[in-house]
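The values are calculated or read from the model by the stated rules, or taken from the named source; none is laboratory data. From a predicted model like this one, the values you see are computed outputs, not experimental measurements. All Cβ positions, glycine included, derive from the backbone under ideal geometry; neighbour counts span all protein chains shown.
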Amino acid sequence: MNQIIEKKCSYLSNFFESAIEQKRLFHSIIFYGGNIMLQYLMALELARLLNCRDKRNALCDCQNCRWIRENKHPAILTISKIDNKSDSSKTVISEEQVNEVMDTLINSSDYHRVFIFCDADIKKLNSEEQKRYEEFINAGYNLPQTGSEDKLWYPSGINTTCFSSVAANSMLKSIEEPPSDVTFIFLTNNKEDLLQTIVSRSQAFYIGYVSSQTYNIDFLEKYFNNYPNFDKSQVLNFAKNLYSYQITNSLEPNYILDCLQYYLLQIAKANFDNKIILNFIFKDIEKIEDAKKMIKAYIKEQTVYENLGFYFCRK
Ligand SMILES: [Zn+2]
């Protein structure tokens, strides 16, 4: 996949590459997290891998790859309140708009069709958005619309205001029984911002920065081996063991947390078909990101490990 993805979330690119190779990618996918531009890029990269007819790598320049980078592929559509609509509603993804998309699914296609659902505006960007925008453009990608010099197309997370229950419900059947070679991708800040009926029919992935090294995770096999069946009686020992491993080996707490994320991803890769476990795992990976922030805020490691331990308990 593209370098930005490799750098910022290589764990997921690896996961998706295997899923696509094994033809086991989910039909309905939710990306969630704070950086919607990164989610948008990830969605295009998935679309590219699904449609590439040649090298299937980051540098491939076959017609499908090129069209997707240029954002003009006929089978890869961004659906937002300002993209790909023919009615006059300006503030929402309308029911009519969704129905038009679903009607196109009746016809078969030579391509793997991907529909990217997000919110979007053409607006003045703040400095953070400007940075993300430039990173995206410099990587050789186009957005669905160019905007004008000081106002640019920028994606944001979908929520129940811009994507109402009426519009969302009108696509449930298509999500449940999609034609083969169709993938729906929803970009959002929080899964809770989407209708529960969509969430329950989709596979959700947290998109955020997770380190890309490989880690020696042997010590976790011992302390964490009955994940995801982790219970309260184990939490204190778990926290104590992580802490003493960290101190004995003079490691940074962030290294321990990276190891935990890496460990969970190995479990994810072995459980492609188990939606319940995958949901646990990606929630827990996100929680470990929060733990890194706590460390940054000078909260004691033992406390952070204990908090995590309690979070891992499902009962
Ligand atoms: Zn290609």
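Values as computed for the structure displayed
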quantity	calculated
Subset of region 220-245 (residues that are farther than 13 Å from residue 310 by Cβ and aliphatic (A, V, I, L, M))	220, 242
Residue 68 vs. criteria more than 16 Å from the ligand (Cβ to nearest atom), of a type in the set (Val, Ile, Thr), in contact with a strand residue (DSSP E or B) (Cβ under 8 Å, 6 or more places away or on another chain) and assigned by TED's automatic domain parsing to the domain that holds residue 183	no
For residue 210: the one exception among (1) out of contact with any helix residue (DSSP H, G or I) (no Cβ under 8 Å at 6 or more places or on another chain); (2) modelled with pLDDT under 90	(1)
Scope region 217-251; condition out of contact with any Phe, Trp or Tyr (no Cβ under 9 Å at 6 or more places or on another chain), more than 19 Å from residue 281 (Cα to Cα) and either at pLDDT 90 or above or part of a helix (DSSP H, G or I) (or both); matching residues	233, 236, 244, 247, 248
Test result for residue 31, assigned to a helix (DSSP H, G or I), touching a residue at least 60 places away in the same chain (Cβ under 8 Å) and closer than 26 Å to residue 190 by Cα	no
Residue in region 135-149 that is closer than 20 Å to residue 8 by Cβ, free of Cβ contacts under 8 Å to residues at least 24 places away in the same chain, under 23 Å from the mean Cα position of the chain (by Cα) and more than 16 Å from the ligand (Cβ to nearest atom) present	yes
Region 178-195: number of residues that are within 21 Å of residue 205 (Cα to Cα), more than 17 Å from the chain's Cα centre (by Cα) and without any contact (Cβ under 8 Å) to a residue 24 or more places away in the chain	0
All positions within region 224-250 that are among the aliphatic types (A, V, I, L, M) and either exposed (fewer than 13 other Cβ atoms within 10 Å of the Cβ) or under 25 Å from the mean Cα position of the chain (by Cα) (or both)	247
Residue satisfying all of: in region 39-65; among the aliphatic types (A, V, I, L, M) and not in a loop (DSSP other than H, G, I, E, B); nearest to the ligand (Cβ to nearest atom) among these	49
Residues that are farther than 20 Å from residue 275 by Cβ and part of a loop (DSSP other than H, G, I, E, B), drawn from region 2-28	2
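Here is a yes/no grid of residues against (1) assigned by TED's automatic domain parsing to the domain that holds residue 276; (2) closer than 30 Å to residue 35 by Cβ:
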| residue | (1), (2) |
| --- | --- |
| 171 | no, yes |
| 184 | no, yes |
| 227 | yes, yes |
| 231 | yes, no |
| 240 | yes, no |
| 243 | yes, no |
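One line per residue, one yes/no per condition, for (1) under 19 Å from residue 42 (Cα atoms); (2) in contact with a helix residue (DSSP H, G or I) (Cβ under 9 Å, 6 or more places away or on another chain):
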| site | (1), (2) |
| --- | --- |
| 98 | no, yes |
| 104 | no, no |
| 143 | yes, yes |
| 152 | no, yes |
| 157 | yes, yes |
| 165 | no, yes |
| 170 | no, yes |
